[in-house]
1. With a 1.4 Å probe and all protein chains kept in place, how do Arg129, Arg108, Arg65 rank by accessible area, largest first?
2. How fast does the stretch 1-57 diffuse by Stokes-Einstein, in µm²/s, taking the Kirkwood radius from C-alpha pairs at 10 °C and 1.306 mPa s?
3. Show which lysines lie in cross-link reach of Lys92 when reach means a straight Cα distance below 16 angstrom and same-chain residues fewer than eight apart are skipped.
4. May I ask you to rank Ile23, Ile124 by accessible area, largest first, using a 1.4 Å probe over the protein chains only?
5. With r as the distance between the Cβ atoms of Gln106 and Thr58 and R0 = 41 Å, compute the FRET efficiency 1/(1 + (r/R0)^6) and round to 0.05.
6. With each run of n ≥ 4 DSSP H residues scored as -39500 (n - 2.57), what mean residue ellipticity at 222 nm is computed for the chain after dividing by its residue count and rounding to the nearest 500 deg cm²/dmol?
7. Starting from the Cα of Leu41, step 7 Å along the direction of its Cβ; do the same at Ser99; then give the gap between the two resulting points in nm.
8. Calculate what fraction, in whole %, of the accessible area of the stretch 4-140 sits on carbon and sulfur atoms when a 1.4 Å probe is rolled over the protein chains.
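The values are calculated or read from the model by the stated rules, or taken from the named source; none is laboratory data. Only a predicted model underlies this, so the values are computations on that prediction, with no experimental measurement involved. Quick reminder, even Gly has a Cβ in these numbers, built from the backbone with ideal geometry, and neighbours come from all protein chains shown. What goes into the accessible areas is simple: the full protein's heavy atoms, side chains included, and nothing from ligands, DNA or RNA. Shrake-Rupley method; radii C 1.70, N 1.55, O 1.52, S 1.80 Å.
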Amino acid sequence: MWVQQTVTLKAKPRGFHLVTEEILGQLPALSRIRTGLLHLLLQHTSASLTLNENCDPTVRQDMERHFLKAVPDDAPYEHDYEGPDDMPAHIKSSLLGVSLLLPVSQGRVQLGTWQGIWLGEHRIHGGARKIIVTLQGDEQ
């Protein structure tokens, strides 16, 4: 079985956001997979996807503080057509990546106990974000 669809995440402020349920809640076909893979591709160059802590929100706050310091908005970037947060957003997106490949078993994504899917929103006003979801596997 192969399923491909686009899911849309609601606009979020700059920072790291736990979006596991927002994504998986839009995938009714997931429950039909016995063994398979879930591929997520974020269609944006100024945001990212990553797996990390799904319980303590201070981890997401610490990550945001780290990236604001490591890749500041006020560095002398040449690319600034869309504002001072644009080039830093591209750098952060490249560092973290825009895709995830996750195992599926018995209709569930097999994440570790403390793992969740994060959206890294690197723009101050990023807007809604689209993810191409490709689900493949054997049906239950």
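1. Values: Arg129 10, Arg108 165, Arg65 140 Å².
Heavy-atom accessible area, descending, gives Arg108, Arg65, Arg129.
2. Numbers: Rh = 13.4 Å.
In µm²/s, the coefficient is 119.
3. Lys69
4. Working: Ile23 0, Ile124 80 Å².
Ranked list, largest accessible area first: Ile124, Ile23.
5. Details: r = 32 Å, r/R0 = 0.79.
In this case the efficiency is close to 0.80.
6. Values: 3 runs with 30 residues, N = 140.
One gets -6500 deg cm²/dmol as the mean residue ellipticity at 222 nm.
7. 0.6 nm
8. Its accessible area is 53 percent carbon and sulfur atoms.
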